[in-house]
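To start, the structure under review is shown below, and the notes come after it.
The values are calculated or read from the model by the stated rules, or taken from the named source; none is laboratory data. Remember, predicted model here, so these are calculated numbers, not experimental data. Virtual Cβ from ideal backbone geometry, glycine too; neighbours counted across all protein chains shown. Accessible surface is based on the protein model in full, side chains and every heavy atom, while ligands, DNA and RNA are left aside. Shrake-Rupley method; radii C 1.70, N 1.55, O 1.52, S 1.80 Å.
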Amino acid sequence: MAGNEKRRLPPASEPGRLAASSNGAPEAEAAFLLQAGVSDMVRGALLKLLEARPEEPVEFLAGYFERLMQSGAEGRADGGDPPRPLHWRLDRALWYLRLAHHSHSRTAFSNNVSMAYDSLSACGRRKKPGVNGKLYSELLKMLFRDRGAAEEIVAPLLQKITCRDHEAVPFDVFRYGVLTCLVLLEFLAKASALYEALDSGSGVADQRVCLAVLSTLEEVLRTSGVSSPIRYLEAGSKLGPDYLALAMDRALADRKPSVAMKKEEFLKKASAIFVAKVKPIG
Amino acid sequence: MPGMGTMALEPSPCTIKSPVMLQVGDMRTELGRPGVAVIDVILPHSQTIDLQEIVFKNYYTAFLSLRVLRQSSTGGGDESPSKWVTCLRNYCLMPHPHTEEGSQDYFSVSRHQMLCDMDRVAAIRLILRQPSPVWLHFSIEELQLFPGNQKSPQKGFPAWLSCPSQERPASLHDGLPDADKVSSEVQQMWVLTEMLQASQPAAEIGRFDVDGCYDLNLLSYT
C-alpha cells in the first residue's frame, strides 16, 4: 500500500526529464502526463487489468479509477499516513479481494489478498499493526453481505473459519478464510444454476430429484482415505450424465408424493455439503 | 486362454539369485564348459504366490526345467511341510541348440503348461541346459512372475469401475431434468469442494482451550 501511495504522488523530483522534453509539443504533453502522474496511474491500472483479466475490461477500469479517485482524495488531504477510519480500511480490503478471481489468476489473487491484509492492518497509531479477529470477521461478513448470501447459509461457515475478536489473525489464516468464503460464493452460484437445471424451467424443482442429485454429490465427496486418482475417477463416473440420470430416474420412480423444493432450501442443503468439508481453523 | 490379459498386471516382487554353473571337477582347471546352470528365485518375506505365468527372455539356453517349492495346502499354517516339485521338464527353448533359432526370444510359460498345480509357491528353481559348446554363456533374462489374476488385484473393485459402461436406459421418466446440464453443474460444485479441501491453512492461531475450556496445566506459570 505504501508503494501505491508513492506512485500516485506527482513525481516532482524529476527535473531532468522535464527539461529534456520541453522543446516539442508532443513531448510537452508527455511531460505533462508524467508530471501529473497519469502515466504511472495508467500503468498501474493496466497492470491490475492484466493480472485480473476480467470479462468486462472497460467496466473493471472504470471501477478501478473511481476507487483510485476516492482513496486519492482522502489520502492526500493530510499527507503522510494518517490512521484511516475502520470502514475505509475494510472497504479497501474488500476492493482488493474483488480485483482478481481466485482461480483464474492465482498470483494476482495472492497479491491482492496480501494487499488487503496490509491495508487492513495498516493502523497508524500502533507500532505493530495487525489484523485482529474482529476486523477479520467483519470483512468476511461484508464479503457475503455484498453478494446477498443468506445469513443461515453463511453462519455455519463463519463459525468454522472466524477467529475470536481479540485474536491476532496470521496471514495464512486470513488467506484461507477469504478463499473459503469466495469459493463458497462460487459454489452457491453453481448450486443455483443447478437448481435452475433441475426445475427445467418450471420454477420449482421436485424434492426427490434434488435430494438424489445432492446425495450423489455428497457420496462422492465422502470417499476419503483412497488415493486421489481413484477418487477422481469415481467422481468422474458418478457425476457423469448417465449415472445422474439413473439416480434421478430412480428417485422419481419412488412411490413418494411429489413435493416441491424451494430454492433457498436447496441452496442450504448444498452449502451444508460444502461447509462439512471445510476444516475449521484453530 | 491363460495368460491373456495378465500382462496388464504387476509382476510379483521376487529376488532372483545369480546363476550357479554346475560342472564336474574344478571350474578353473577343467577345459570343458559347463552345460547346466541353476537360478533360484525367492519370494520376499516368505510369502507364497499362486503362480499364473512366468515370462522371460532367453539368452542361448536350449532347455529349461522348472522346480517349485510348494507349501502343501492340507497342513495349513506356517508349519506345513513344503515340497519341491518338478513342474516343467526339459522345455525346449532352442529347437536346434547349435543354431540361433530361439536363442534370444521372449517366452511365456503359463499355468496350464505346467506338470503340476502352481498354487502356494514359495520358491522357484530354474535349471537351464545348453548341450552345445558353441555358445560361451547361456542364461535367461528379464524374468517376471505373474500371480493368478482371479483374486488379488481385483479384490473389492467398486461397481462404478467394474461396469463403467452403464448405459442410460432408453425409457426414462418423463420430465426428467437435462442430465448433461445437471452433471456439468454438479461436477463444478465437486471441483470447488475438492479445491478447497486441497488448500488448508499452514498457520495456526494457537488456541489452548478445548471447546471453550482451558486445561489448567497449560495455564500454569512454567
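Details
- Between A:A193 and B:E194, the FRET efficiency estimated from the beta carbon spacing at R0 = 25 angstrom works out to 0.85.
- Global geometry of region A:223-282, whether rounded, prolate or oblate, following the gyration tensor of its Cα atoms and the 1.5 cut on a/c: oblate
- Per-residue SASA entry for B:I16, accessible area with 1.4 Å probe, Å² rounded to 10: 80 Å²
- Point-to-point label distance, B:E141-B:C92, nm (Cα→Cβ direction, 7 Å offset): 2.5 nm
- Region A:245-274 versus region B:32-55: alpha-carbon centroid distance in Å: 60 Å
- Test item: A:172-185 mean partner chain Cβ contacts at 10 Å: 3
- Filter on A:K48/A:K134; A:K277/B:K181; A:K48/A:K141; A:K238/A:K263; A:K262/B:K181; A:K48/A:K263 - keep pairs with C-alpha separation over 31 Å: A:K48/A:K263
- Peptide A:209-218 is shielded by partner chain Cβ atoms: per residue, an average of 3 of them sit within 10 Å of its Cβ.
- B:K17 - accessible surface, heavy atoms, 1.4 Å probe, Å² rounded to 10: 100 Å²
- If you plug the beta carbon distance of A:L47 and B:K57 into 1/(1 + (r/R0)^6) with R0 = 56 Å, you get a FRET efficiency near 0.40.
- Region A:179-282 shape via C-alpha gyration tensor axes, a/c threshold 1.5: oblate
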